[in-house]
Amino acid sequence: MGTGLRLNTRRRFALLVILAGILATSAASAQDYTRRPPDLDRLTQELFAEIQSDQVPYEDLYETLLQYYQTPINLNTATREELRVLLLLNENQITTLLLHRQANGDLLSVYELQSIEGYDLRTISRILPFVSVQSSNLHAARGSLWQRIAREDNNALYLRYERVLQERQGYTPPTLYHGQPTTRYLGSPDKMLIRYRVSHTKDFSVGFSLEKDAGEPLSWNPGSGRLGPDYVSAHVLLQERGRLKTLALGDYQLQFGQGLLLSSGLGVGKGAETITTLRRSSVGVRAYASLLENTFFRGGAATVQMAPTVQATAFVSHKNVDANLQQAQDSLAQFDEFTSGLLYTGFHRTASEIANRHQLSETIGGGNLGYTSRDGNLALGATGVFTHYGTPLLKRAEPYNRFEFSGKENLALSLNYSYVWRNLLLFGETARSTGGGLGTVNGLLASLGPTVDAALLVRHYDADFHTLYGNAFSENTRNINETGVYFGLKVRPVARWEVSAYYDQFRFPWLRYRASAPTAGHDALVRLAYTPTKTSLLYVQLRQRLKPRDLPAADVVRPIPLPGEQLRQSLLLYCNTAPSTALELRTRLQASRLRDDPGLPWRRGYVLAQDVSYQLNRALKLTARYALFDADDYDTRQYVYEHDVLLAVSVPALYGQGTRVYGLAEIRLNRSLTLWLRYAETRYRHQETVGSGLETIQGALRSEVKAQLRVKF
């Protein structure tokens, strides 16, 4: 008893010393801390920099980070899996936190993290927006569910409007072509959103979203599923109701194992963070509040605590998805009616897009049985997913589609594991789908010392492995027709310096779209980062990626046509500094060159961007960017993350020659109302038109305006 009292007293004394140091070096308040909104731009640079692709679900990544900000993880109750989800802590840091909590009880403040081995100021500052320190029994004295919802601070309505100012081809009056009117958008160029959500960590989440994309008409026809705006989403999520751990109704997401069968949220894979983003976490059932129209389930899901170490999840989903239905022309065809594939754009602007809207019924059911040891070091799971489509899927009769999924039904089963032994984490998942296709991904993360982390990941996905909602680690956009080995390393040689690197070797045993033969390639990255202060970051990053694909007919130089050895090399220089608490400056130079095959000329692209953020006072913050870009063609386009209104994402693709400018004002009108105003324009040189097809603009300027109002209740 006396020893425990002395330990507690020493701990409190140490905490007071830590707090005193913080107060002496910063303007922190005498109470705990005030969580600041996450710096998503900087976090993007640190975790996901150089994700130069239009296949990355940026909105889903952003939405997941915002969810963790709005409903932060409680460090006093978080499990190992929940801490892994952040992607900001390595396995050794997670272990030391859990051991500290076990030995000393609940944390008294987030600043107590400084007394835990492995938690430096940089790590703490990165996780602060996404974590909290609260009592273990969060709901004991807060009243009923309805009372908690009524009193919840995280309760807001968002109203958003945006529009491109120039007239695009799709909005001009239709003309006749061979006696028929040309294709045009059927709705106005206005994009509008209404969004509401109230939520609390490990308790509840209730919300809905209504969105109309530019060009989509407003239409009220309940019989065809049109309820005004084109996209309507809603959810109710309840958690921690005794043995009922989670109950979701409406729209939701699922993630188990390494994401081979079910994956959602932060599935990043390769990026500037070479270690922690490799593994996935079995976060189970999550509320869905994003605007992507094809990455969610619609129905119900529940997780029940079967025993202290065993949880079971069951789910069912039914919704109609976009597809182009076709009638067979041959009476001996396999199917009378079929679709060649699902449509994922989410746009319903023209007559043909509206005709394809919600044409295919999709019913999915399944579950997961998971075991976690009492110490949290061992986790095992089994997952099953059954998918049924109302109309068969049948890909076009192309050689690369030989092993693609066809038919109405697919059953996939998987086993996953995760085991922590000292400073090692072993993890993996193996699955098999209808037809016998096998998919497996297995990895190892190791803390080789206080300053060295390493990773190894091996994956193999058969050409006939079919998983329709999976998104495990891969080079391809889907887990199919791929074998690869990934090596990652992170070294902190001296304080404030960090070296990160990875090398990924992969091959595709069967043909792919735009690759008419089996191919192999590699992807390598090295990055040197320096953090002189808590508010400054500098780094240089080099990346090389070889991924063969077919050459245009004019560029074929071999006697036997084979896919060209396309090589992309890129350089990224970044500097983030804050001369004062109110002023922040960011400079970015991003350049790449691309060669389709040895002997062919290099094509190049670059962008130079300067950002300025200034907090005039508590009520007004201004952010602006001026960027110059020059890219030879669309293949050398540059993606650059931009600041946007809260809950929105802007990552434009820049190619051609020109300038990109935007300004953003965040105005806090009062405690309940916050207004965002944004203007952005891209001005091109040596061009008479901007865009193509129905998006064509006459002239060299494309500008957008956006306004958003948040009402907090």
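The values are calculated or read from the model by the stated rules, or taken from the named source; none is laboratory data. What you are looking at is a predicted structure, and each value in this text was computed from that prediction instead of being measured. Ideal geometry is used to build each Cβ from the backbone, glycine not excepted, and the neighbour counts take in all protein chains shown.
Which of the residues belonging to segment 644-664 are under 16 Å from TYR626 (Cβ atoms) and in a strand (DSSP E or B)? Show your work before the answer.
Taking segment 644-664 as the starting set, the residues that turn out to be under 16 Å from TYR626 (Cβ atoms) are 650, 652, 654, 657-664.
Scanning segment 644-664 gives SER650, LEU654, GLN657, GLY658, THR659, ARG660, VAL661, TYR662, GLY663, LEU664.
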**OP:** Mind listing whichever residues of segment 231-267 are surrounded by fewer than 23 Cβ atoms within 10 Å (Cβ to Cβ) and either over 24 Å from LYS319 (Cα atoms) or without any contact (Cβ under 8 Å) to a residue 12 or more places away in the chain (or both)?
**Re:** GLN239, GLU240, ARG241, GLY242, ARG243, LEU244, LYS245
Original post:
If only one of TYR417, TYR371 is surrounded by 16 or more Cβ atoms within 10 Å (Cβ to Cβ), hydroxyl-bearing (Ser, Thr, Tyr) and either out of contact with any helix residue (DSSP H, G or I) (no Cβ under 9 Å at 6 or more places or on another chain) or without any contact (Cβ under 8 Å) to a residue 60 or more places away in the chain (or both), which one is it?
Top reply: TYR417
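For PHE473, are the conditions met, namely being buried (at least 23 other Cβ atoms within 10 Å of the Cβ), under 17 Å from ASP523 (Cα atoms) and of a type outside the set (Ser, Thr, Tyr)? Spell out the reasoning first.
Values: buried (at least 23 other Cβ atoms within 10 Å of the Cβ): yes; under 17 Å from ASP523 (Cα atoms): yes; of a type outside the set (Ser, Thr, Tyr): yes.
When the stated conditions are applied, PHE473 passes them.
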Original post:
Here are some residues: ARG702, ARG678, ARG637, ARG603. Which one is closer than 30 Å to LYS547 by Cα and within 28 Å of the chain's Cα centre (by Cα)?
Top reply: ARG637
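Inside segment 606-622, can you point out the residues that are assigned to a strand (DSSP E or B) and farther than 25 Å from ARG685 by Cα?
If we filter segment 606-622 for residues that are assigned to a strand (DSSP E or B), which is where we start, we get 606-617, 620-622.
The answer is SER613, TYR614, GLN615, LEU616, ASN617, LEU620, LYS621, LEU622.
Does ASP523 count as within 26 Å of LEU448 (Cβ to Cβ), touching a residue at least 24 places away in the same chain (Cβ under 8 Å) and not assigned by TED's automatic domain parsing to the domain that holds LEU589?
Considered against the rule, which asks whether it is within 26 Å of LEU448 (Cβ to Cβ), touching a residue at least 24 places away in the same chain (Cβ under 8 Å) and not assigned by TED's automatic domain parsing to the domain that holds LEU589, ASP523 comes out as yes.
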Original post:
If you go through segment 151-162 one residue at a time, do you hit one that is exposed (fewer than 15 other Cβ atoms within 10 Å of the Cβ) and over 30 Å from the mean Cα position of the chain (by Cα)?
Top reply: yes
Original post:
Within segment 417-468, which residues are assigned to a strand (DSSP E or B), farther than 23 Å from ARG507 by Cβ and charged (D, E, K, R)?
Top reply: ASP453
Original post:
Within segment 142-149, is there a residue that is modelled with pLDDT of 90 or more, of a type outside the set (Ser, Thr, Tyr) and crowded, with 16+ Cβ neighbours inside 10 Å?
Top reply: no
